[in-house]
Structure formats: C-alpha cells, structure tokens
Amino acid sequence: MIITVGNTKGGVGKTTLAVSLAILRALSGRDVWLIDGDRQGTAQTAISIRSENGVAPGIACATYPDGTTLRAQVQQQADKFDDIIIDAGGRDSTALRAALVLSDVLLVPFAPRSYDVWALEDMAKLVDEARSVRDGLRAVAVLNLADPGNQSTDNAEAAAAVKEVSQFEYLPTPIRRRKAFSNATGAGLSVQELKPTDKKAIDEINELYKYLFNIK
C-alpha cells in the first residue's frame, strides 16, 4: 500500500504522523519505505537520528522533494517494499502532486483552526485532479493537534466543517496535542517506543493506524 500524508497547509503535524505510521508498520513486521517529499527534510532527519541511536527495526528512508524524481523512484522500487509512506506537502508542490497520483490513500491532517479547514478546499481540488488520471484514490482527513479536552468547541466545529467537504472521508480518530508525539518524532521513535509511556497518545495513534490499514 502507498499512503501519502499531505496538506498544502504547513504546521499540521504531517511529518509526525508519517514517521509514526512508518514505524508502526515496521514494528508489525512489514517492510516499509518512508519517503520525505518535503524540502525541509524533517522526516529524513528523524529517521537518521533513529539509525544513529541503533533503534530497531530500521526504517528505509529517502528524500525526493522533486516530483519527477519521486515518481520515477517509486515506480522503479515499489515492488521491493510492502508499504510506502510519503511525507509530502506544506505547500502545493510537484512532489505532492506526484504522490497523489501514485497513492492508494491520502491522509490529510488538519488542525482545529479556521484557516486549516479552509486549506482543505485546496487539497480537495488536488484530489479531484488526481482522481481524473487514476482510479481508487481514498482521501481521508483526520483532526490532528486537537485540543486535549473532549468538549472542545474548536475540535467539534472543525470536524463538522470537514465533513462538508465531499472529497474526504472524515476519520473519527482525532490525534490530540500531546508532548509525547513531538518528543517521540524528535528522537526518531513512535510513541509506543518512547519512555516513559503516554497511554493516551499510544491509543490515539493506534486507532488511526487501524482505520488506515483496515485492521480489526
């Protein structure tokens, strides 16, 4: 399966989700390839730290911020891996557009802020374009960096607004703003590997993981 974690809006936590999902997939025994399609290279940095610290399992990672190169490399090497996770976006880039045409699933994280929700209209247009040249792209949106409280008005309003964007399937698996996620990614880890453990963070990413990979 090829999954792209992307958004034309920056600061929505896409790299944290991409790194977390790649590690979880590897922990389950899958041969996974993480591609950093963002010029900032944050995902590649996280995986380099993981490698330097000798954390197993290792994660194959490459950086292709250019869409032409990304497309060619995925087409040439896709058969070598069980799953490919592409971290793309932060802007409307050639890498993001190439990834959409290659992917089975697009995961769009959005934060509970009005301008983040508005940015989903831009992503919706890109989804329409991708679907015009390839069939079967599943586009899903997840509330990320959500307010910790279960009764947050901002969380509820953002979720309701996204449900009105027909191109996306809204996932009822919000990821809340927790220090464990940033601490883990900064060390090249998933929250499952982080010590001390944060059970709430682990439960949240596990729920998202199960939805994406259809795990019961």
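All of the numbers you see were taken from the coordinates with simple rules; none came from a lab. Computed from a prediction, not measured in an experiment: that's the story for all the values here. Reconstructed Cβ throughout: ideal geometry from the backbone, glycine too, with neighbour counts over all protein chains shown.
Can you give me the pair-distance distribution of the range 1-88, C-alpha pairs, 5 Å bins, whole percents?
3, 16, 27, 27, 19, 8, 1
Quick check for the range 2-212: number of Lys pairs with alpha-carbon distance under 14 Å, counting only pairs 8 or more apart or on different chains? Write down the numbers at each step before the final one.
Details: Lys9/Lys125; Lys179/Lys195; Lys179/Lys199; Lys179/Lys200.
Here the count comes out as 4.
Provide the gained length on full extension for the span Thr68 to Thr197, in nm with one decimal, where the gain is 0.36 nm per separating residue minus the Cα-Cα distance.
Details: separation 129, 0.36 × 129 = 46.44 nm, distance 4.04 nm.
Additional length available on full extension: 42.4 nm.
log₁₀ I(q)/I(0) of the range 2-212 at q = 0.10, 0.14 Å⁻¹, via Debye over equal Cα point scatterers, no solvent, to two decimals?
So the normalised log intensities are -0.38, -0.78.
Enumerate the amide H contacts of Thr63 below 5 Å, restricted to partners 5 or more residues apart or on another chain; note that Pro and chain-start residues carry no placed amide H.
Asp36
Per-residue counts of other Cβ atoms within 10 Å, averaged by peptide: what ranking do you get for 185-198, 25-38, 87-100, highest first?
Descending mean neighbour count gives 87-100, 25-38, 185-198.
Collect residues whose amide H, placed 1.01 Å from N in the peptide plane, falls under 5 Å from the amide H of Tyr170; neighbours closer than 5 in sequence don't count.
Excluding prolines and chain starts, which carry no amide H, the hits are Ala141.
Please list, ordered by chain and number, the residues whose modelled amide H lies under 5 Å from the amide H of Arg138; skip anything fewer than 5 residues away on the same chain.
Val105, Leu106
Loop only by DSSP, 16 or fewer other Cβ within 10 Å of the Cβ. Give me the chymotrypsin sites (Phe, Trp or Tyr not before Pro) in the range 128-216 that pass, ordered by residue number.
Answer in residue order: Phe213.
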